[in-house]
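**Q** Submitted below is the structure of interest, expressed as structure tokens.
Quick note: the coordinates plus some simple rules give every number you see, no bench work behind them. Only a predicted model underlies this, so the values are computations on that prediction, with no experimental measurement involved. FYI the Cβ positions are ideal-geometry reconstructions off the backbone, even for glycines, and counts take in every protein chain you see.
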Amino acid sequence: MTAPHLPSLAELQTLFTARHSCRAFLPDQLPREVIEDVLTCAQKVPSWCNAQPWKLTITSGDETDRLRHALRTAATSGDHSPDLAFPTSYENEYQTRRRKCGWALYQAVGVQKGDRAASERQMMENFSLFGAPHCAILSTPVELGGYGAMDCGGFVAGFTLAAQAAGVATIAQAAVASYAPLLHEMLEIPQDRQILCAISFGYGDPDHPANKFRTCRAPLPEFAEFRG
């Protein structure tokens, strides 16, 4: 029997490097089998006691447009109510990285520093799901607490990488989860599940300026410490 081919680290590096957060999508719907293949691949990620706490509510077509409209309407009120508390602050290197990402995006789409109206318009694209034809709302059982959320974070990584391998663009969005009550009601997600984020996905628009920039990653000494 021939041993199965295992991807090399270099091949994985290529995949990881190609993945990016897409902020402009083409309207074309994905075939259902492509979505199912991505989900089947992503669910191979590890989870605590193999609990696999993730559940996804996935919209397509008119349902995505209905969600988009509802989110934009809610976003005008500014009444945020996430199930999972947002960070209280970003400081030091975390704030630096956050700002670099934001300004790189603004520069790519032509938003000038200090132009609050333009930056607000770009921010609102979150609630239009950046034009994506599909959106997955990710949730975890409330009783699993931080461990369930941690496992679901692994699933987000698995989903975005599997999608990239399938030629599908993605963006994970915490902003969408800030309107958790709307999502619970509209998508009939039970209250005993904590909504963590959305993943908008579809075919990316390669010509849109929002997709022309890439974020950088911290050098190894900034996040890894070796002992012994």
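**Q** Mind ordering 122-128, 52-58, 221-227 by average Cβ neighbours within 10 Å, highest first?
**A** In decreasing order of mean packing, 122-128, 52-58, 221-227 become 52-58, 122-128, 221-227.
**Q** Taking the structure as given and computing percent of Cα pairs over 22 Å apart, which label from (1) 70; (2) 66; (3) 57 fits?
**A** (3)
**Q** Tell me, in nm to one decimal, what length is gained between residue 220 and residue 84 on full extension, where the rule is 0.36 nm per residue of separation less the Cα-Cα distance?
**A** Extending this stretch completely gives an extra 46.0 nm.
**Q** Excluding residue 164 itself, what net charge comes from residues whose Cβ is under 14 Å from its Cβ, given Lys and Arg +1 and Asp and Glu -1? Working shown, then result.
**A** Working: positive: 19, 214; negative: 11, 37.
The answer is 0.
**Q** What are the lysines whose alpha-carbon lies under 23 Å from the alpha-carbon of residue 212, with same-chain residues fewer than 8 places away excluded?
**A** Within the straight-line limit of under 23 Å, residue 212 reaches these lysines: 100, 113.
**Q** Here is a follow-up. Find the centroid of the Cα atoms in the range 180-228 and in the range 49-103, then give the distance between the two in whole Å.
**A** Cα centres, the range 180-228 to the range 49-103: 8 Å.
**Q** Give the aspartates and glutamates reachable from residue 44 as a straight Cα distance under 17 Å; neighbours fewer than 8 places away on the same chain don't count.
**A** Those aspartates and glutamates meeting the cut-off are 36, 151.
**Q** Using the Cα centre of the chain as the reference point, and only Cβ charges (+1 on K/R, -1 on D/E), how large is the resulting charge dipole? Debye, rounded to the nearest 20.
**A** On the way: 20 positive and 24 negative charges, 157 e Å.
That gives a dipole near 760 debye.
**Q** Oh, and also: Among 153, 204, 110, which one moves the most in a GNM of the chain with springs linking Cα atoms closer than 10 Å?
**A** With Cα springs under 10 Å in the chain, the top fluctuation among 153, 204, 110 is at 110.
**Q** Right, another one. Given the Cα-Cα distance of residue 36 and residue 50 and 0.36 nm per residue of separation, how much length would full extension add, in nm?
**A** Working: separation 14, 0.36 × 14 = 5.04 nm, distance 2.04 nm.
Contour length minus Cα-Cα distance gives 3.0 nm.
**Q** Points 7 angstrom from Cα along the Cβ direction at residue 97 and residue 188: gap in nanometres?
**A** 4.0
**Q** What is the dipole size for the range 106-228, taken about its Cα centre, with +1 at each Lys and Arg Cβ and -1 at each Asp and Glu Cβ, in debye to the nearest 20?
**A** 440
**Q** With a 10 Å Cβ neighbour count serving as the proxy for reagent exposure, in which order, fewest first, do 20, 134, 69 appear?
**A** 69, 20, 134
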